[in-house]
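Presented below is the structure to which this report refers.
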Amino acid sequence: MKSYLLPISLMLGLALSLQTASGQVLSNKNHMNFKTIKIYSVEIFYREAGDPAKPTILLLHGFPSSSHMYRDLISDLSDKYHVIAPDYPGFGQSSAPPVKEYDYTFDNLSKTIEQFIDALKLEKFSLYMQDYGGPVGLRIALRRPELINALIIQNANSYLQGLGDLKPFLDYIKEPNQQNEESVRQFFTLSATKWQYTEGAGDVFKISPDSYTIDQYYLDRPGNDAVQLALCRDYGSNFPKYKEWQAYFRKYKPKTLIVWGKNDKLFTSTGAKAYLKDLPNAELHLLNGGHFLLEEYHLEVSKIIDKFLAGNK
């Protein structure tokens, strides 16, 4: 029987990620906890730090990542905020039931995360969304606008004009044949995962290889390709939702902060600027980074978030 425990090198990388950039071990005031909660038949893993009595920030990750992408931002924010970051089913440390046992669609992911929110009794929070976090989080915001204190959007698209180098995905959505599937499968390889982290980076030497190596470990688990293919096929369900989300922006006028890696080739900076059409009062910051902006700029982003939330109480 095979064992799928993380290799020692990756375990060491995870342990090191609990340290601040200065190398100091986290103090008790912002110690990160690693928890699991059962949502019906699915075990949802999540990271939590900070005082629950303080304002809550819920962090929703993208593809092909997990809550691990927020490890530094959680540390940066947890002295002033209660910070929670779950892994979706099929990602990270959450359970990954086969496609015959769990409906891997963005609608269903959003329903599972909504049930997670209710299970944790989160009644009001700021919602941070990156990549897949956008279609998951905005579905929740549309259904439950009373939950949202503010939106923090990072390289997560809600406008067609922001779509970048996504032709293989778009072809697969339109026609999920064998040829198009093979093109999409290239995005499940280590070289593609590394590219998502390093392409557009302001300083590639600041991108920890632990990040894309850990993501690839999860992608390579038996059966995970079927999970990711199902979500790729379903990604087209997000496009008709764009108009609904844009109407939500206009109707509810949520306090919105947009932080964006301006060199992202998947979700371009045009998509960041597009939000201003429906959210003219949104605060926009374009940073010299790529798709996984926080690998380089987590401290800068944490300061932007703190200033934004402090000024929008």
(request) Would you compute, from DSSP H runs of 4+ residues alone, the mean residue ellipticity of the chain at 222 nm, taking -39500 (n - 2.57) per run and dividing by the full residue count, rounded to the nearest 500? (result) -12000 deg cm²/dmol
(request) List, in the order given, every pair from 255/277; 54/303; 253/313; 54/251 whose Cα-Cα distance in the structure shown is over 21 Å. (result) 54/251
(message) Restricting to bridges with both residues inside the range 8-310, how much of the DSSP beta-bridge set is antiparallel, in percent to the nearest 5?
(response) 40
(message) Students often forget the sequence filter, so: which aspartates and glutamates lie under 17 Å Cα-Cα from residue 243 once same-chain residues fewer than 8 apart are removed?
(response) 107, 278
(message) Using DSSP to call loops (not H, G, I, E or B), can you name the chymotrypsin sites (Phe, Trp or Tyr not before Pro) in the range 27-89 whose Cβ has at most 12 other Cβ atoms within 10 angstrom?
(response) 40
(request) Quote the relative contact order of the chain in percent (integer), defining contacts as alpha-carbon pairs under 8 Å separated by 6+ residues. (result) 19
(message) How large are Rg and Dmax for the chain when calculated on the C-alpha trace, in angstrom?
(response) 18.2, 56
(message) Given axes a ≥ b ≥ c from the Cα gyration tensor, I'd like to know whether the range 200-313 is rounded (a/c under 1.5), prolate (a/b larger than b/c) or oblate.
(response) oblate
(request) Grab the other residues whose beta carbon is less than 9 angstrom from that of residue 142, score K and R as +1, D and E as -1, and report the net. (result) +3
(message) How far apart, in nanometres, would the label points at residue 206 and residue 251 be if each is projected 7 angstrom from Cα along the Cα-to-Cβ direction?
(response) 4.0
(request) List every DSSP H helix in the chain whose Cα atoms extend 18 Å or more along the helix's own long axis and whose mean Kyte-Doolittle hydropathy is at least -0.5. (result) 106-119, 294-310
(message) Please check: in the Gaussian network model of the chain (C-alpha springs, under 10 Å), which one of 91, 205, 63 has the largest mean-square fluctuation.
(response) 205
(request) Hand me the GluC sites (Glu not before Pro) from the range 114-204 located in a DSSP loop with no more than 11 other Cβ atoms within 10 Å, in residue order please. (result) 123
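Bear in mind these aren't lab numbers, they're just calculated from the coordinates by the rules spelled out. Small disclaimer: the values here were computed from a predicted structure and weren't measured. Positions of Cβ are backbone-derived with ideal geometry, glycine not excepted, and every protein chain shown enters the neighbour counts.
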